[in-house]
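Novice: Have a look at this one.
Just so it is clear, none of the values below were taken in a lab; they were calculated from the coordinates. As the structure is a prediction and not an experimental result, all values here were calculated from the model. Glycine gets a Cβ as well: all are built from the backbone with ideal geometry, and neighbour counts include every protein chain shown.
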Amino acid sequence: MRILVTGGAGFIGSHIVDTYLAAGHDVCVVDNLSTGFRENVNPAASFVECDICSDKIEKVFAQHKPQVVNHLAAQMDVRRSLESPVFDADSNILGSIRLLECCVKHQADKFIFASTGGAIYGEPETLPAAETCEPRPLCHYGVSKYCAEQYVQLYSRLYDLDYTVLRFANVYGPRQNPHGEAGVCAIFILQMIKGAQPILYGHGEPLRDYVYVEDVARANLLALEMGSGEIINLGTARGTSVRAVYDAIKSILSYGGEPILKPRRVGEVDRVYLANRRAKEALGWQPEVDLNEGLRRTAAQIGDAARRS
Ligand SMILES: NC(=O)c1ccc[n+]([C@@H]2O[C@H](COP(=O)([O-])OP(=O)(O)OC[C@H]3O[C@@H](n4cnc5c(N)ncnc54)[C@H](O)[C@@H]3O)[C@@H](O)[C@H]2O)c1
């Protein structure tokens, strides 16, 4: 299959690209390298440095003629969305519409959309949050992703463009940027390696659902053939406190320090973890890598990178 992966130089996108290539697909990556890295892109994929909001994107479609578009390129930082809501909407809503327009014009068959289960539901009334929970985002990023989902469904109704929306939980694993604002696992690992003191917001009490990146990539492979017209959570159905993640990493790295405890920040939810029954039914998917094993693999990669730099 010819597949266009937007955001394929990023953390999750680069793993999806690797998985698609390993399965024998022809992959073109589009990325503006704003938060991604050229070295993340598998050399077997073609790469176009391009912003999804620029006119150049149309040429990429004309040349590559993708059958499937997997759209991950996004402004994905909750804090930045609160500070720059217009930038967030430009990237996540207008960027998605541009791609959907290109899909129709160049007759792509399917659109796979990377959405968020962590930010769309807000504080869910029932946990684990199922896809039927009413979306009540507490940040602009959650709204822009939800809005883009609506456009994906609109293009399906209007133009018969098939889709699968995947609402990721908190994805972690190798290549997550430890210098970014998001991704506590990578951030804590690097801070502990450097002997710095990690900050636990919400005094470490907020519950999140940590899903390993290779499990997410496998779901994106399954979504090439399955999950037609579905919105599907990708999570573990288990809530883990930030403190428990901190303690697990502390033990893996034999870190002797203590964390700094601070109150929860605006826009951050208290408790969210995602039901995954629909993923089992629609994709035959369930997570395989448990948190301790996933954190060990992540710590090994970040440790190697820190030693090399
Ligand atoms: N990391 C998570 O836990 C998580 C959770 C839920 C959803 N998601 C979604 O998964 C996707 C990938 O997230 P990630 O964690 O890999 O982040 P990331 O920042 O590593 O990847 C995003 C990639 O998109 C590129 N990009 C951003 N804006 C672009 C634009 N306008 N044009 C072209 N390229 C652009 C960046 O350079 C980067 O390579 C995002 O859509 C994000 O919203 C991530």
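Novice: What is the count of Lys pairs in the chain whose alpha carbons sit under 16 Å apart, if the two are 8 or more places apart or on different chains?
Specialist: The result is 6.
Novice: Can you figure out the FRET efficiency of Lys194 with Lys65, using R₀ = 51 Å and their beta-carbon distance, to the nearest 0.05?
Specialist: 0.65
Novice: Between Arg271 and Ser34, take the C-beta separation as r, use R0 = 25 Å, and let me know the FRET efficiency to the nearest 0.05.
Specialist: Result of the calculation: an efficiency of 0.20.
Novice: Here's something else I'd like to know. From a point 7 Å beyond the Cα of Ser228 in the direction of its Cβ, which residues of segment 98-125 have a backbone N at a distance under 15 Å?
Specialist: Backbone N within reach: 109-112.
Novice: So what J values fall out for segment 67-82 if you push phi through Karplus, 6.51 cos²θ - 1.76 cosθ + 1.60 with θ = phi - 60°, rounded to Hz, Gly and Pro as x?
Specialist: 7, 10, 10, 10, 9, 10, 4, 6, 7, 10, 9, 4, 5, 5, 5, 6
Novice: Sticking with this structure for a sec: Determine ³J(HN,Hα), in whole Hz, for all residues of segment 45-53 in sequence, where each value follows from phi through the Karplus function 6.51 cos²θ - 1.76 cosθ + 1.60 and θ = phi - 60°; x replaces Gly and Pro.
Specialist: Working through the residues one at a time gives 9, 7, 10, 10, 7, 7, 8, 5, 8 Hz.
Novice: Counting alpha carbon pairs within less than 8 Å and at least 6 residues apart, what relative contact order, in whole percent, applies to the chain?
Specialist: Relative contact order comes out at 18 percent.
Novice: Counting other Cβ atoms within 10 Å of each Cβ, which GluC sites (Glu not before Pro) in segment 100-149 have at most 10 and sit in a DSSP loop?
Specialist: Glu125
Novice: Here is a further query. What is the distance, in nm, between label points placed 7 Å from the Cα along the Cα-to-Cβ direction at Cys147 and at Ala44?
Specialist: Reported label-point gap for Cys147 and Ala44 is 3.9 nm.
Novice: What does the C-alpha gyration tensor say about the overall shape of segment 133-177? Classify as rounded when a/c is under 1.5, otherwise prolate if a/b is larger than b/c, or oblate. Spell out each step's value before the answer.
Specialist: Values: a/c = 2.68, a/b = 1.52, b/c = 1.77.
Taking the square roots of the gyration eigenvalues as a ≥ b ≥ c, segment 133-177 is oblate.
Novice: With everything on Cα atoms, drop me the angle between helix 242-253 and the longest principal axis of the chain, reported from 0 to 90° to the nearest 10.
Specialist: Result, in degrees: 80.
Novice: Per residue of segment 176-181, in order, report the coupling 6.51 cos²θ - 1.76 cosθ + 1.60 (Karplus, θ = phi - 60°) as ³J(HN,Hα) in whole Hz, putting x for Gly and Pro.
Specialist: For segment 176-181, the Karplus-derived couplings read 5, 6, x, 9, x, 8 Hz, x marking Gly and Pro.
Novice: From the helices alone, meaning DSSP H stretches of at least four residues, give me the mean residue ellipticity at 222 nm for the chain, per-run term -39500 (n - 2.57), in deg cm²/dmol to the nearest 500. List each step's numbers first, then the result.
Specialist: On the way: 12 runs with 124 residues, N = 309.
Helix contribution divided over all residues of the chain: -12000 deg cm²/dmol.
Novice: Can you compute the radius of gyration and Dmax for segment 8-131, using only the Cα atoms, both in Å?
Specialist: Taking only Cα atoms of segment 8-131, I get Rg and Dmax of 15.3, 47 Å.
Novice: Take the alpha carbon gyration tensor of segment 66-164, find the square roots of its eigenvalues, order them as a ≥ b ≥ c, and report rounded if a/c is under 1.5; if not, report prolate when a/b exceeds b/c, else oblate.
Specialist: oblate
Novice: With charges only on Cβ, +1 for K and R and -1 for D and E, what is the dipole size of the chain about its Cα centre, in debye, rounded to 20? Let's see the in-between values first.
Specialist: Working: 32 positive and 37 negative charges, 107 e Å.
In total the dipole reaches around 520 debye.
Novice: Also: Over 20 Å intervals from 0, what percent of Cα-Cα pairs in the chain sits in each interval?
Specialist: In whole percents, the pair-distance histogram is 35, 59, 6.
Novice: Can you list the residues, at least 5 places off or on another chain, whose amide H is less than 5 Å from the amide H of Arg167, using H built in the peptide plane?
Specialist: So Arg167 has HN proximity to Ser115, Ile232, Asn233, Leu234.
Novice: Also, quick follow-up: Take the Cα of Ala23, step 7 Å along the line toward its Cβ, and report every residue of segment 261-300 whose backbone nitrogen sits under 18 Å from that point.
Specialist: 279-289
Novice: Oh, and also: What FRET efficiency would be calculated for the residue pair Glu58, Asp160, taking the C-beta separation as r and a Förster radius of 35 Å, to the nearest 0.05?
Specialist: The formula returns an efficiency of 0.95 here.
Novice: Counting only DSSP beta bridges with both residues in the chain, what percent are antiparallel, rounded to the nearest 5?
Specialist: Around 5 percent of the beta bridges assigned by DSSP in the chain are antiparallel ones.
Novice: Right, something else. Show the residues, 5+ positions off or on another chain, whose built amide H is closer than 5 Å to the amide H of Leu207.
Specialist: Arg271, Val272
Novice: OK, next. How far, in degrees from 0 to 90, does helix 184-193 lean away from the longest principal axis of the Cα atoms of the chain, to the nearest 10?
Specialist: Between helix and principal axis, roughly 50 degrees.
Novice: Using the Cα gyration tensor of segment 14-66, with a ≥ b ≥ c the square roots of its eigenvalues, what is the shape: rounded (a/c below 1.5), prolate (a/b larger than b/c) or oblate (neither)? Kindly include the intermediate steps, with their values, before the conclusion.
Specialist: Values: a/c = 2.63, a/b = 1.28, b/c = 2.06.
Oblate shape, in that a/c is at least 1.5 and b/c is the bigger or equal ratio.
Novice: Another one. What residues have an amide H closer than 5 Å to that of Phe47, excluding those fewer than 5 places away on the same chain, when H is modeled at 1.01 Å from N in the peptide plane?
Specialist: Val29
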